[in-house]
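These notes are about the structure you will find just below.
The values are calculated or read from the model by the stated rules, or taken from the named source; none is laboratory data. Values in this document were obtained by computation on a predicted structure and should not be read as measured data. So basically every Cβ, Gly included, is an ideal-geometry build from the backbone, and we count neighbours across all protein chains shown. Accessible surface areas use protein heavy atoms only, side chains included; no ligands, DNA or RNA. Shrake-Rupley method; radii C 1.70, N 1.55, O 1.52, S 1.80 Å.
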Amino acid sequence: MAYKNLREFLNELRKRGELHEISVETDPVLEVTEIYDRIVKSEGPALFFKKIKGSEMPLAINLFGSPKRMSAALGVDSSEEIARQIEELTDMKMPQGIIEKLQMLPKLGILNALAPKIVKSAPCQEVVIRPGEG
């Protein structure tokens, strides 16, 4: 499944039990890194710090810290699947004849969708996630 935004992905991690939310105020200088270090070494969940000392913004960390979460973020069942898809897209040969050209259209559509797009405004410019809104 592809996610529309980070909020959707965070909600999916919550549902899967792969997101640990920390409500107490946490110091970003050493406290966050200590907690993160212990979680990573134990192959733990993603972390969502709701109150970061000196900041109005929450902090999400270790979102892609496991193969399972990385695959979920990419919308595939396994990393092998995304590797296969990338290989198919990068291993394109010059088509021979009209049928091969027509068969290449879906790949070209995927490649076109990957190109950066310039927009006048974007959700990240308009929405601020406050602690507790998640």
Folded to 0 to 90 degrees: helix 98-114 orientation relative to the chain principal axis, Cα: 20 degrees
Cα-based helix-to-principal-axis angle, 31-41 vs the chain, degrees rounded to 10: 50 degrees
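Tell me which trypsin sites (Lys or Arg not before Pro) from segment 1-62 have a DSSP coil assignment and no more than 11 other beta carbons within 10 Å of their own.
Lys4
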Heavy-atom accessible area per residue - the chain, 1.4 Å, Å²: 74 Å²
Where Ile118, Ile99, Ile61 fall by accessible area, highest first, once all protein chains stay in place (1.4 Å): Ile118, Ile99, Ile61
For Asp77, solvent-accessible area (1.4 Å; no DNA, RNA or ligand), Å²: 150 Å²
Accessible surface of Ser71 - all protein chains present, 1.4 Å probe, nearest 10 Å²: 10 Å²
Dipole moment magnitude, nearest 20 debye, the chain about Cα centre, only Lys, Arg, Asp, Glu C-beta charged: 380 debye
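For the chain, what % of the accessible area comes from carbon and sulfur atoms, probe 1.4 Å? Before the final figure, lay out each step's value.
Values: 5830 of 9930 Å².
Heavy-atom surface of the chain belonging to carbon and sulfur, 1.4 Å probe: 59 percent.
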Cα long-axis angle, helix 6-16 against the chain (0 to 90 degrees, to the nearest 10): 70 degrees
Ranking by accessible area, most exposed first, for Met70, Met104 with a 1.4 Å probe: Met70, Met104
Val119-Leu89 pseudo-label distance in nm [points 7 Å out on the Cα-to-Cβ vector]: 1.8 nm
Total lysine pairs whose alpha carbons fall under 24 Å of each other in the chain (8 or more apart, or interchain): 17
